[in-house]
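See structure below.
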Amino acid sequence: MIKPLLKGLSITFKYIFKKKFTVQYPEERRELPPRAKWLHILQRHEDGKERCVACMLCASACPTEAIYIVGEENDLYNPVSHGERYAKVWDLDLGRCMFCGYCVEACPEEALAMTDEYELAVPTKKDLVLHKEDLLVPPGTPPVHTWLGFYRNEPVAAHPVSRPKELHIEFEEYLKRRGPKEENE
Ligand code: SF4
Ligand code: SF4
């Protein structure tokens, strides 16, 4: 009887003066690892245009069908994105999402990223559905690295964030060649 008690007390005294692991949340918060994958964001290019081109690859890659996108053709003279299309609707159902990051891996434009924002509790299930307006970062927000290669064990700096910029020069050239917008367009 006394032996187990002493054994228990010895463990208590062993840890009593050691550094505490308990964090007094929410007053205190632990710093999350750099690759923490929580709330999604939709990113913009440096010129403010949206990175998403409504290719649907993220929605196709999602194992829980948590992403719903409706694409629309860009107005060539006032495009929303750098591609032919942009996402008119980009919804994410956090109630279905399991934060696997497959959607981010699938995105060819680095339009989609995941942040360390983990406080996602909402009063109703309906509030778990987030819309483009909730996820799109304001113009001027510097793009964050989307950790391409997360599942391939590549170094984090293997792919530059601004990679798509050069890819879209052709589109700008196309607009120049096309000339001014016609009245009846
Ligand atoms: S993190 Fe995974 S489950 Fe969540 S939306 Fe992306 S692919 Fe779907
Ligand atoms: S977020 Fe990326 S993968 Fe998804 S539709 Fe937009 S460009 Fe395509």
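Please treat every number below as a calculation from the coordinates, not as lab data. What you see is a predicted model, and the numbers here were worked out from it, not measured in a lab. Reconstructed Cβ throughout: ideal geometry from the backbone, glycine too, with neighbour counts over all protein chains shown.
Things to note:
- Peptides 138-146, 123-131 ranked from most to least packed, by the mean per-residue count of other Cβ atoms within 10 Å: 138-146, 123-131.
- Residue by residue, segment 123-136 carries 3J(HN,Hα) couplings of x, 10, 4, 4, 5, 6, 7, 9, 10, 3, 4, 7, 9, 6 Hz when phi is fed to the Karplus relation 6.51 cos²θ - 1.76 cosθ + 1.60 (θ = phi - 60°); x denotes Gly or Pro.
- Long-range amide H partners of Leu136 with built H, under 5 Å: Leu42
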